[in-house]
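So the structure is just underneath, and the comments pick up after that.
The values are calculated or read from the model by the stated rules, or taken from the named source; none is laboratory data. All values reported here derive from a predicted model rather than from experimental measurement. Please note: Cβ atoms are built from the backbone with ideal geometry, for glycine as well, and neighbour counts cover all protein chains shown.
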Amino acid sequence: MHRSKGINLLLPSILILLVILLGLSFARNEGTTFLRASHQWPGGIGDIRDVMIQMIADEVNDANVGLDLRVYPAQSLFRATDQWSALVRGRVDMIALPLDYASGRHPEFNATLMPGLVKNHAHARRISDSEFMTRIHNVIEEAGAVVLADAWLAGGFTSNAGCILEPEDIEGQVIRAAGPAFERMLVGAGASISSMPSSEIYTAMQTGVLDAANTSSASFMSYRIFEQSTCMTSPGDNALWFMYEPVMLSRFTWDRLTEEQQQVLRVAAENAEEYFFEQASLLDLEMERIFSDAGVEVVQMTAEQANRWRDIAFETSYEIFYDEVESGRELVRLALEVE
Amino acid sequence: MRSLIKSYIKAVSLLSRICGVFSTTLILLASVVVCQMVVMRYGLGESTVWQSEFIKYAIIAATLLGSPYVLLLRGHVSVDIIYNYISPAHAKYASIISSIIGLLCCTLIAWAGWLYFYEAWHEQWVTPTVWGPPLWIPLLPLPVGLFILTLQYLANIFIDHVIDPEELST
């Protein structure tokens, strides 16, 4: 008796629920394309890459062209290292990614974190407009993605086992550096390596897995690495660490959009890119301020010290890159040509 | 038919035991590499590059390849809250249903793992690290381990509901 009563109530309620869901999905889908954007950094606290994507989302959503772009920060959709394959398979529409995370699939990407290849923020901007960048964009496009906005971030060394200025300083320390090209130089200087995405640096330094880390000024701040460091080598005028972190759209998504929607996205991304390049050099100063306020010693490499690192890089990172990538020598030549 | 099922159970049990041995070897190997890393880094002051990555893959592989052996021994974590409230006759059906759900899940993961492995192998992907071993090597234990786990699930259903365990030992 009791049982049949339950069923009597169950069936109508399921039916009502289905009708409501159906109604909702019609209301949502009418003429609107929903896009999901993923990135690995904390959202809403002013991380420059989060701000960039949010700017694009706001402009696109306000344009009334039937697009609804939502941002999912802090790896809430995909783990940092899984974002690339999700993008090229069309599982996510848009990502901002340190491109070298995908270098296992496209070794050419190692050129986008080659130590000493980019000299400063102005140089980074000129590189973004060069033949070198066109070649990298071609590799991305062949893989199944479209670059919307370029971004090059400077970064430095941080450590809780002594300041890193000379190559000798790193001997015996365990470090990560976002990509194999940069890490090969560190090995050349005598460091030990434990590779991981930047989202794991904090815990790794806290638990002693890492003594030191290389990452971008923006990530140093967003991930609050100053809480685990004693000395920071900031990028300054002789930065070795420049990493390419573009905003990309899946090819599947791009082909689904109308020309008008594509145009709106392009314009929004250009504005975000413009904003980024204005802010890029300020990030390094902001990071220095936050680290020294937190009681971390902040130092900078001299030109001679940076050159000693570069010499190691030419024998390690660059040589291995030339061996691994057929067009490697030419890619590096194209980048070095940019003045 | 019964003898066919019996030889299936025996064959799969053997396969699961081999997996168990392999899994143990990987754990041992990982321990040796940890020691080697400590000696290299702190004893000799040399730099270590491939060790952490190797250990990570070895332990994941040990877990995946060890799972069929654990299921063979029925050492897996099981929730018996429903079994305690239903009669033994119903419990029998419940155990068939849960085994079939387990079997389907494992088949699905094994298939997805195979696709991932095949892509990495075909495209010659490597891991994005200084060591950079071919990516298919750390991906292989997923389809292999889960496939054997699927076979073991089927064997367990036979053992529980078709063949008497005593009949098996003879």
For residue B:8, work out the one condition from (1) within 28 Å of residue B:127 (Cα to Cα); (2) in contact (Cβ under 8 Å) with a residue 60 or more places away in the chain it doesn't fulfil. (1)
In this structure, does residue A:224 turn out to be among the basic types (Lys, Arg) and under 21 Å from residue A:176 (Cα atoms)? yes
Taking region A:212-250 on its own, how many of its residues are assigned to a helix (DSSP H, G or I) and over 19 Å from the mean Cα position of the chain (by Cα)? 3
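Hey, can you tell me all the residues within region A:162-179 that are in contact (Cβ under 8 Å) with a residue 60 or more places away in the chain and over 15 Å from the mean Cα position of the chain (by Cα)? Let's see the steps before the verdict.
Residues of region A:162-179 that are in contact (Cβ under 8 Å) with a residue 60 or more places away in the chain, as a first pass: A:162-167, A:177-179.
Across region A:162-179, the qualifying residues are A:162, A:163, A:164, A:165, A:166, A:167.
For region A:296-339, enumerate the residues that are in contact with a strand residue (DSSP E or B) (Cβ under 7 Å, 6 or more places away or on another chain) and either buried (at least 19 other Cβ atoms within 10 Å of the Cβ) or assigned to a helix (DSSP H, G or I) (or both).
A:296, A:298, A:301
If we keep just the residues of region B:126-138 that are among the hydrophobic types (A, V, I, L, M, F, W, C) and crowded, with 21+ Cβ neighbours inside 10 Å, which is farthest from residue B:19 (Cα to Cα)?
Among residues in region B:126-138 that are among the hydrophobic types (A, V, I, L, M, F, W, C) and crowded, with 21+ Cβ neighbours inside 10 Å, the one farthest from residue B:19 (Cα to Cα) is B:130.
Yes or no, residue by residue, for (1) touching a Gly at 6+ places or on another chain (Cβ under 6 Å); (2) within 14 Å of chain B (Cβ to nearest Cβ); (3) among the hydroxyl-bearing types (Ser, Thr, Tyr); (4) more than 20 Å from residue A:315 (Cα to Cα):
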| residue | (1), (2), (3), (4) |
| --- | --- |
| A:138 | no, no, no, yes |
| A:150 | no, no, no, yes |
| A:161 | no, yes, no, yes |
| A:168 | no, yes, no, no |
| A:174 | no, yes, no, yes |
| A:179 | no, yes, no, no |
| A:182 | no, yes, no, no |
| A:185 | no, yes, no, no |
Pair list, Cβ under 9 Å, 6 or more apart: region B:127-138 residue hydrophobic (A, V, I, L, M, F, W, C) and modelled with pLDDT under 95, other residue assigned to a loop (DSSP other than H, G, I, E, B) and buried (at least 17 other Cβ atoms within 10 Å of the Cβ): B:130/A:195; B:130/B:49; B:131/A:195; B:131/B:49
Answer residue from region B:94-153, given it is under 20 Å from residue B:71 (Cα atoms) and small (Gly, Ala, Ser) and is nearest to the other protein chains (Cβ to nearest Cβ) among those: B:113
All conditions in (1) more than 30 Å from residue B:155 (Cα to Cα); (2) within 14 Å of chain A (Cβ to nearest Cβ); (3) in contact with a helix residue (DSSP H, G or I) (Cβ under 9 Å, 6 or more places away or on another chain); (4) assigned to a helix (DSSP H, G or I) are true of residue B:49 except (4)
Residue count, region B:137-164, condition assigned to a helix (DSSP H, G or I), β-branched (Val, Ile, Thr) and in contact with a Lys or Arg (Cβ under 8 Å, 6 or more places away or on another chain), comes to 0
Regarding residue B:11, is this residue surrounded by 15 or more Cβ atoms within 10 Å (Cβ to Cβ), under 22 Å from the mean Cα position of the chain (by Cα) and part of a helix (DSSP H, G or I)? no
For residues in region A:85-99 being more than 22 Å from residue A:51 (Cβ to Cβ) and of a type outside the set (A, V, I, L, M), which is surrounded by the most Cβ atoms within 10 Å (Cβ to Cβ)? A:85
Can you tell me which condition residue B:73 does not meet? The list is (1) loosely packed, with under 14 Cβ neighbours inside 10 Å; (2) over 21 Å from the mean Cα position of the chain (by Cα); (3) of a type outside the set (Gly, Ala, Ser), and all the others hold. (2)
Please go through (1) of a type outside the set (Lys, Arg); (2) buried (at least 16 other Cβ atoms within 10 Å of the Cβ); (3) over 30 Å from residue A:69 (Cα atoms) for residue A:244 and return the number of the only condition it doesn't satisfy. (3)
Of everything in region A:108-123 that's in a loop (DSSP other than H, G, I, E, B) and of a type outside the set (A, V, I, L, M), which residue is farthest from the other protein chains (Cβ to nearest Cβ)? A:120
Only one of A:91, A:126, A:105 is part of a helix (DSSP H, G or I) and among the basic types (Lys, Arg), namely A:126
Apart from one, (1) within 14 Å of chain B (Cβ to nearest Cβ); (2) surrounded by 22 or more Cβ atoms within 10 Å (Cβ to Cβ); (3) assigned to a helix (DSSP H, G or I) all hold for residue A:205; the odd one out is (1)
Suppose we filter B:17, B:41 for residues that are of a type in the set (Lys, Arg), touching a residue at least 40 places away in the same chain (Cβ under 8 Å) and either out of contact with any Gly (no Cβ under 9 Å at 6 or more places or on another chain) or within 24 Å of residue B:132 (Cβ to Cβ) (or both); which single one remains? B:17
